[in-house]
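The values are calculated or read from the model by the stated rules, or taken from the named source; none is laboratory data. Remember, predicted model here, so these are calculated numbers, not experimental data. All Cβ positions, even for glycine, are placed from backbone atoms using ideal geometry, and neighbour counts span all protein chains on display.
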Amino acid sequence: MRVLAFSDVHCDVGAVEALVAAAGEVDAVAGVGDFASVHEGLVETVAPLRGVEVPVVLVPGNNETEDALRAAVAGWDGVTVLHGSGTEIGGVWFYGIGGGIPTTPWEWSFDLTEEEAEAKLADLPDGAVLLSHSPPKGHVDKGLGSVAVAAAAERTGARAVLCGHIHEMWTQESRIGDTLVRNLGPDGYVLEV
């Protein structure tokens, strides 16, 4: 299975349209948060994704809430929003957790504490692809990642951790044991699972 994954488009509709064009070559698309910019432009930014003909999974970033993302994709049958939940596509489990983890210094940000994230990750199945807006602590994170995400990936032997949030680390990779960790960015990345 080929998955086109991306993060942090921040209202760049042109970047989203390029991702939609690339989606014809994959089996699924995963957007790992920050479609909006400080809670503005979410509906307009995700609208072009409705043209994708393969299953789409989306995780909220810290620039949009889970509720806002669900509202923005209402009525679209081809999408699943994940936040403390998972779904199976082509025999592969995808599990998502959104928001800034740990909490950011910005009052407007959609964040979770490490304890809240740990609770949302309790049901992460073994061997799933973990879609986390925030990177795991110590991996493609400039020291700003989540302890809970790192622990969950290690505990379950995640197939991969696909993340974003820390812009300076876009396209960078790391490993937690055998688990690939990739900070995606808006250009997209194709993962074979």
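The residues of the range 89-118 that are aromatic (Phe, Trp, Tyr) and either modelled with pLDDT under 95 or surrounded by 23 or more Cβ atoms within 10 Å (Cβ to Cβ) (or both), listed by number, are Phe94, Tyr95, Phe110. For the range 119-130, the tally of residues that are closer than 17 Å to Leu58 by Cα and either without any contact (Cβ under 8 Å) to a residue 60 or more places away in the chain or surrounded by fewer than 16 Cβ atoms within 10 Å (Cβ to Cβ) (or both) stands at 5.
Candidates are the residues of the range 172-186 that are more than 17 Å from Ala151 (Cα to Cα) and over 14 Å from the mean Cα position of the chain (by Cα); the one that is surrounded by the most Cβ atoms within 10 Å (Cβ to Cβ) is Gln172. Restricting the first member to the range 155-167 and to residues that are within 19 Å of Glu118 (Cβ to Cβ), and the second to residues that are of a type in the set (D, E, K, R) and surrounded by fewer than 20 Cβ atoms within 10 Å (Cβ to Cβ), the beta-carbon pairs closer than 7 Å and six or more apart or on different chains are Thr156/Asp126; Gly157/Asp126. Return the residue satisfying two criteria in turn: it lies in the range 19-54 and is without any contact (Cβ under 8 Å) to a residue 40 or more places away in the chain and in contact with an Asp or Glu (Cβ under 8 Å, 6 or more places away or on another chain), and of such residues it is surrounded by the most Cβ atoms within 10 Å (Cβ to Cβ). Within the range 19-54, the match that is surrounded by the most Cβ atoms within 10 Å (Cβ to Cβ) is Phe35.
Restricting Val16, Val43 to those that are closer than 26 Å to Gly145 by Cα and not acidic (Asp, Glu) reduces the list to Val16.
Within the range 138-193, how many residues turn out to be among the hydroxyl-bearing types (Ser, Thr, Tyr) and in contact with a helix residue (DSSP H, G or I) (Cβ under 7 Å, 6 or more places away or on another chain)? Counting residues in the range 138-193 that are among the hydroxyl-bearing types (Ser, Thr, Tyr) and in contact with a helix residue (DSSP H, G or I) (Cβ under 7 Å, 6 or more places away or on another chain) gives 2.
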